[in-house]
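The values are calculated or read from the model by the stated rules, or taken from the named source; none is laboratory data. Remember, it's a predicted structure, so these values are computed and weren't measured experimentally. Cβ atoms come from the backbone with ideal geometry, glycine included; neighbour counts cover every protein chain shown. The area values use the complete protein model at the heavy-atom level, side chains included, leaving out ligands, DNA and RNA. Shrake-Rupley method; radii C 1.70, N 1.55, O 1.52, S 1.80 Å.
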Amino acid sequence: MTEGANAYRGLPSVQQLLQRPDTIALIDDHGRDCCRDHLRAILGALRADIAGGSSSAPFDAEAIVAQLAEHIAMRARPGLRWVINSTGIVLHTNLGRAPMAREAIDAVVDIARGYCSLEVDLKSGRRGARTQSIEPLLRELTGAEAALAVNNGAAAILLVLSALAGGADVVVSRGELVEIGGGFRIPDVIHQGGARLVEVGATNKTRIEDYRRAISPDTRVLLKVHQSNFRMLGFTQQTDIGELREEADLHGLAVVVDLGSGLLRHGSTRLEPTIGDALAAGADIVTCSGDKLLGGPQAGLILGRKHMIDAIARHPLIRAVRLDKMSLAALEATLKLQRDTPGKVPLNAMLSQASTDIRARAERLCNAYGAGEVLASDAFTGGGSLPENRIDSFALHLRPSIGAEDAAARLRAGDPAVFARISKGELVLDMLTVRDDELDSLLTALRLALT
Ligand SMILES: *Cc1c(COP(=O)(O)O)cnc(C)c1O
């Protein structure tokens, strides 16, 4: 008999392992089939190791069951999980954009648990509009005549153009035919909406005369797209909403503005035009996201003239892009905070932190970790707001012995995962986007990943 055959004989069987008390405890929690399948996989891997000569008897049954417990724990770990964002980018699309307010989270939990008044009018008992709970709030906050909410900003533009310009012409400046991100390009959306794109002007300059020359009996909409993620400098000119309004009135056209960020009011700095600004300047319809500067859940808002909103709400595509009850609950709660106590919206709180507080947080982390240096840092709004919207911040700079790239990779793989920046070979942990109550977890993650 060969030594290899002896080695296989030393392996416990699946049946033997399933009868051990430590396995039975796992079976009670996770089911017999699950434990059996994982044990088969573990034993299969051990057999492969034996065949490859990298493993031999005796085999410790206890160690095999410990491995089983680890496999099951890995399987239970959520794929979508909490991340500590120390990139300093406030609205990071890949990290889920705006963090939600306590009140919005509570509203989601309440609504998710049972049934809700999603599409009923509680007074009459008849059918109601899905977005009836948020429409008055949106009108109050922006001055719009009417409003509607859909699944996201992209869906909002698609729906608006389908309803207002399907089969007709949409005139857009060549300087605004942008790609927002993830391959989402304005010209493609116009085509998908069944409208025809009429490009006017040059990349760097578009004047009102360019729009005027392009208008024909087939034109329905003059579209203005906010240049979210890039900025043109130098010899440039764009037409403002007021000029488009005047021209549109001469021909009975609609002015649609894709604003992107959804700012409700100006803070200490004028980050972006607000929804109200765009409407007051003459937009018939404004579209934006719910999870950018508005600070709420993923959603697309459509605001403006009542007769147009009514037409948009009747378009068949609305069913495909409607907002779910949990997002509606979170959006309503966020809008109420924005109206009454805007400081309670985490995004607003994050953007209005005193730099001394950010610095204190960085120093606390630095002292507790016992290494590195606190330096001034440039943080950014992100999420389709202007790239030069730089925010003064502070960051902990570390020079990990394993190198910044490896350190960043290990932090990402941790639990919680941590996202940091790398700059000039240093690991940079920006403190603008880290909450006080995340500091302990961040410290633990650093110790685990870097030592
Ligand atoms: C972000 C953005 C969009 C897309 O909105 P989503 O909510 O990400 O679908 C569209 N237009 C502009 C100008 C934007 O900034």
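According to the square roots a ≥ b ≥ c of the eigenvalues of the Cα gyration tensor, what is the shape class of the stretch 306-399, taking rounded for a/c under 1.5, prolate for a/b larger than b/c otherwise, and oblate for the remainder?
Details: a/c = 3.01, a/b = 2.63, b/c = 1.14.
Note, shape of the stretch 306-399 comes out prolate.
Send over a whole-number figure in Å² for the accessible area per residue of the stretch 1-148, probe 1.4 Å. Intermediate results must be reported in sequence, preceding the final value.
On the way: 9040 Å² over 148 residues.
Using a 1.4 Å probe on heavy atoms only, each residue of the stretch 1-148 averages 61 Å².
Take every Cα pair under 8 Å in the chain that's 6+ residues apart, average their separations, divide by the length, and report that relative contact order as a whole percent. Can you show the working numbers first?
Numbers: 798 pairs, mean separation 84.5, N = 451.
That works out to 19 percent.
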Tell me, what is the 1.4 Å probe accessible area of Arg174, in Å² to the nearest 10?
-> 100
What residues of the stretch 88-113 lie in the reach of a label at Leu375, counting those whose backbone N is under 18 Å from a point 7 Å from the Cα along Cα→Cβ?
-> 88-89
Roughly how many Å² of Thr23 are accessible to a 1.4 Å probe, to the nearest 10?
-> 0
Rounded to the nearest 5, what is the percent of antiparallel bridges among the DSSP beta bridges in the chain?
-> 55
Using a/c under 1.5 as the rounded threshold, could you call the stretch 199-319 rounded, prolate or oblate? The axes a ≥ b ≥ c are square roots of the C-alpha gyration tensor eigenvalues, and prolate needs a/b larger than b/c, oblate otherwise.
-> oblate
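With a cut-off of 8 Å between alpha carbons and a minimum separation of six or more residues, what is the relative contact order of the stretch 329-451 in percent? Spell out each step's value before the answer.
On the way: 164 pairs, mean separation 27.8, N = 123.
Rounded, it is 23 percent for the stretch 329-451.
Under a 1.4 angstrom probe, counting protein chains only, how are Val108, Val189 ranked by accessible area, largest first? Walk me through the numbers on the way to the answer.
Values: Val108 35, Val189 15 Å².
Largest accessible area first, the list is Val108, Val189.
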To the nearest 10 square angstrom, how much accessible area does Thr433 have with a 1.4 angstrom probe?
-> 10
Arg77 paired with Ala202, simple spin-label distance in nm, labels 7 Å along Cα-to-beta-carbon | 5.5
A student applying the Cα gyration tensor rule (rounded when a/c is under 1.5; otherwise prolate if a/b is larger than b/c, oblate if not) would label the chain prolate
So what is the relative contact order for the stretch 100-225, in percent, with contacts set as C-alpha pairs under 8 Å and at least six apart?
-> 21
If amide H atoms are modeled at 1.01 Å from N in the peptide plane, then the residues at a separation of 5 or more from Gln237, or on another chain, having amide H under 5 Å from its own are Lys205, Thr206
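Summarise the accessible area of the chain (1.4 Å probe, protein heavy atoms) by the percent that is carbon and sulfur.
Looking at the chain in its full context, I get 51 percent from C and S.
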Judged on accessible area alone, 1.4 Å probe, highest first, Phe184, Phe235 line up as Phe235, Phe184
Counting only complete DSSP H runs, which helices of the chain cover 15 Å or more along their long axis at the Cα atoms and score a mean Kyte-Doolittle of 1.0 or above?
-> 153-165, 439-450
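Relative to the present Cα-Cα distance, how much length would full extension add between Tyr115 and Ala354 at 0.36 nm per residue of separation?
Working: separation 239, 0.36 × 239 = 86.04 nm, distance 4.21 nm.
Fully extending the segment from Tyr115 to Ala354 adds 81.8 nm.
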Can you work out the FRET efficiency for the pair Leu122 and Asp324, with r the C-beta to C-beta distance and R0 = 22 Å, to the nearest 0.05?
-> 0.65
Could you give the nm distance between label points at Asp28 and Leu448, where each point is 7 Å from its Cα heading toward the beta carbon?
-> 2.7
Span from the the stretch 116-188 Cα centroid across to the the stretch 42-76 one, whole angstrom = 54
In terms of modelled amide H atoms, which long-range or inter-chain residues lie less than 5 Å from the amide H of Leu432?
-> Phe394
Please work out the average accessible area per residue across the stretch 259-377, using the 1.4 Å probe convention, and give it in Å².
-> 42
